[in-house]
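**Q** Below you will find the structure I want to go over with you.
The values are calculated or read from the model by the stated rules, or taken from the named source; none is laboratory data. None of the values given here were measured: they were computed from a predicted structure. Glycine also receives a Cβ, built like all others from the backbone with ideal geometry; neighbour counts cover every protein chain displayed. What goes into the accessible areas is simple: the full protein's heavy atoms, side chains included, and nothing from ligands, DNA or RNA. Shrake-Rupley method; radii C 1.70, N 1.55, O 1.52, S 1.80 Å.
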Amino acid sequence: MPGFTLAIVGRPNVGKSTFFNRLLEQRKAIVEDTPGVTRDRQYGISEWNGKTFNVIDTGGFVPDGEEVFEKEIREQVMIAVEEANAIVFMVDVTTGITTLDEAMTSILRTAKKPVFLVVNKVDNSARHIDATEFYSLGIEKTFFVSAMSGSGTGDLLDEVSNLITIDVDQPGEDLPKIAIIGQPNVGKSSLLNAMVGSERTIVSDIAGTTRDTIHTHYNLFQKEFILIDTAGIRRKTKVHEDLEFYSVIRAIKAVDEADVCLIMIDAEKGIAQQDLNIFSLAVKKGKGVVMIVNKWDLVEKATNTARDYEKELKNRLAPFTDVPVIFISAKEKTRIFKVIETALEVCENRKRRIQTSVLNEEMLKVIEAYRPPVVRGNSVKIKFVTQIPTAVPSFAFFTNYPDDIKNPYRNYLENQLREKFNFKGVPVRIFFRKK
């Protein structure tokens, strides 16, 4: 099942981003931060009461310019209502109820989703009294908070976490799940059609003709898996919706469901910030990744064009560069089978379990060859390594100074694990524990 998604909506300057950052910090305080993974202001992962969920800040998607168009904001609220599992509707106690707040309330009334009204900037008793006017909006679950100081956010998060059920595996869950993700119009549907060999989705040159995630059961040439396409047939009602925002929510959902993400880019346009954000999110969630460069047939080539392109691409993906890159043309159907084979290999790499005896034999040798730096005059000793039974390849190194081993040495160990045991395309987690 896909992960739980909470969208934060509200007009500009009510404090959505401050609240969003607070939710992400909460997670950072609990979970070891993966080095080199950037946090984006528009979406991230939060954790409360042992449950993790996606958070989307619609504030990051508001159009630039002097005046923000009410229509644009409304459309974002509509998309959030349609796509998220629950909605935080944020208002500002210092301005009172505005016409835009009232317009949003009427949209949210039609939502068949839980809506939490969050009155922000309530940081003293006078404002607490002022905040009571927002009860007149008629939203049952209303919370008075200060996103800046964090007061009142705990009660809200308790309510959110109560909505999240821990998923139980469904039958057929053992088939690998591969998601095709990318910007509008990079050729996701064409790749799906080339793989499956039929016009499973409607292909058109209009960016964003695809809408719903489509699951296709692939069972050909002794290969079987579920394909998740973030593309689908677009409903005609809201032609002018904010496509970037829409495709982001869809991509996040697909990342949650997948074992391996095929991140597809247009060879002529290169990798966009949005793709890097989705890549970071996939890495953070421990998913396998394959980079697909589509429309390669349109690129003028010299001797080392592919090699140079791949090098430049991996510079942008750093520090996690152990990722397969495949140059394809979905239209010409070139290297399509290579995509399938590589995705399934990455899936296998993600499931790889190393025997403890083999792990220690190999890794203690590399630790001996290059020892951790001395800490306060004491030598750091790593005596034992074991793989932790998790969905993502994770390893515990037992040492006398677990808190003093820095990132450069962690990166060295990760590179050695990759070299010895082939974790290509898969994030690797390393933990240092007291022996």
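**Q** Are there trypsin sites (Lys or Arg not before Pro) in the range 89-125 that DSSP marks as loop and that have at most 13 other Cβ atoms within 10 Å, and which are they? Please report the intermediate quantities before stating the final value.
**A** Numbers: sites: Arg109, Lys112, Lys121; in loops: Lys112, Lys121.
For trypsin sites (Lys or Arg not before Pro) across the range 89-125 that sit outside H, G, I, E and B with at most 13 neighbouring Cβ atoms in 10 Å, the list reads Lys112.
**Q** Would you kindly find the accessible area of Tyr218, with a 1.4 Å probe and non-protein molecules such as ligands, DNA and RNA excluded, rounding to the nearest 10 Å²?
**A** Around 10 Å² of this residue is reachable by solvent.
**Q** Would any residue of the range 124-155 have its amide N under 19 Å from a label point 7 Å out along Cα→Cβ of Thr98? List them or say none.
**A** Answer for this model: 130-138, 145-148.
**Q** Are there chymotrypsin sites (Phe, Trp or Tyr not before Pro) in the range 65-155 that DSSP marks as loop and that have at most 15 other Cβ atoms within 10 Å, and which are they? Intermediate values should be presented prior to the final figure.
**A** Working: sites: Phe69, Phe89, Phe116, Phe134, Tyr135, Phe143, Phe144; in loops: Phe69.
The qualifying sites are Phe69.
**Q** Right, another one. At 0.36 nm per residue, and after removing the present C-alpha to C-alpha distance, how many nm does the segment from Lys434 to Asn411 gain when stretched out fully? Write out the running numbers ahead of the final one.
**A** On the way: separation 23, 0.36 × 23 = 8.28 nm, distance 1.93 nm.
So the chain would gain 6.3 nm between Lys434 and Asn411.
**Q** Let's see if you can work this out: charge +1 on each Lys and Arg Cβ, -1 on each Asp and Glu Cβ, no other charges. What is the dipole magnitude of the range 258-305 about its Cα centre, in debye to the nearest 20?
**A** Numbers: 6 positive and 6 negative charges, 50 e Å.
Roughly 240 debye for the range 258-305.
**Q** Now a separate question. Need one value: the accessible area of Arg353 in square angstrom, 1.4 angstrom probe, rounded to the nearest 10.
**A** Arg353 has an accessible surface of roughly 120 Å² with all protein chains in place.
**Q** Take the alpha carbon gyration tensor of the range 279-323, find the square roots of its eigenvalues, order them as a ≥ b ≥ c, and report rounded if a/c is under 1.5; if not, report prolate when a/b exceeds b/c, else oblate. Mind showing how you got there, number by number?
**A** On the way: a/c = 3.58, a/b = 2.02, b/c = 1.77.
It comes out prolate by the Cα gyration axes.
**Q** Oh, and also: Name the shape class, rounded, prolate or oblate, that the alpha-carbon gyration tensor gives for the range 261-395, where a ≥ b ≥ c are the square roots of its eigenvalues, rounded holds for a/c under 1.5, and otherwise prolate holds if a/b is larger than b/c and oblate otherwise.
**A** Working: a/c = 2.55, a/b = 2.00, b/c = 1.28.
Prolate, since a/c reaches 1.5 and a/b exceeds b/c.
**Q** Mind running the shape call on the range 343-409? Use the C-alpha gyration tensor, a ≥ b ≥ c as the square roots of the eigenvalues: rounded below 1.5 for a/c, prolate if a/b tops b/c, oblate otherwise. Can you show the working numbers first?
**A** On the way: a/c = 2.47, a/b = 2.09, b/c = 1.18.
Taking the square roots of the gyration eigenvalues as a ≥ b ≥ c, the range 343-409 is prolate.
**Q** Sticking with this structure for a sec: Work out the count of Lys pairs in the range 313-435 where the Cα-Cα distance is under 17 Å, with the pair 8 or more places apart or on different chains.
**A** Pairs that pass both the separation and distance tests number 13.
**Q** While we're on this one: Provide the solvent-accessible area of Arg127, counting protein heavy atoms only and rolling a 1.4 Å probe, rounded to the nearest 10 Å².
**A** Around 70 Å² of this residue is reachable by solvent.
**Q** Between Phe398 and Arg353, take the C-beta separation as r, use R0 = 22 Å, and let me know the FRET efficiency to the nearest 0.05. Don't skip to the answer; put the middle values down first.
**A** Details: r = 19 Å, r/R0 = 0.84.
Approximately 0.75, to the nearest 0.05.
**Q** Could you calculate the FRET efficiency of Phe221 with Ile388 from 1/(1 + (r/R0)^6), where r is the beta carbon distance between them and R0 is 41 Å, rounded to 0.05? Don't jump to the answer; show the numbers that get you there.
**A** Values: r = 35 Å, r/R0 = 0.85.
Efficiency at R0 = 41 Å is approximately 0.75.
**Q** Taking all protein chains together and a probe of 1.4 Å, list Lys301, Lys314 from the most accessible to the least accessible. Before the final figure, lay out each step's value.
**A** Numbers: Lys301 110, Lys314 40 Å².
Sorted descending by solvent-accessible area, the residues read Lys301, Lys314.
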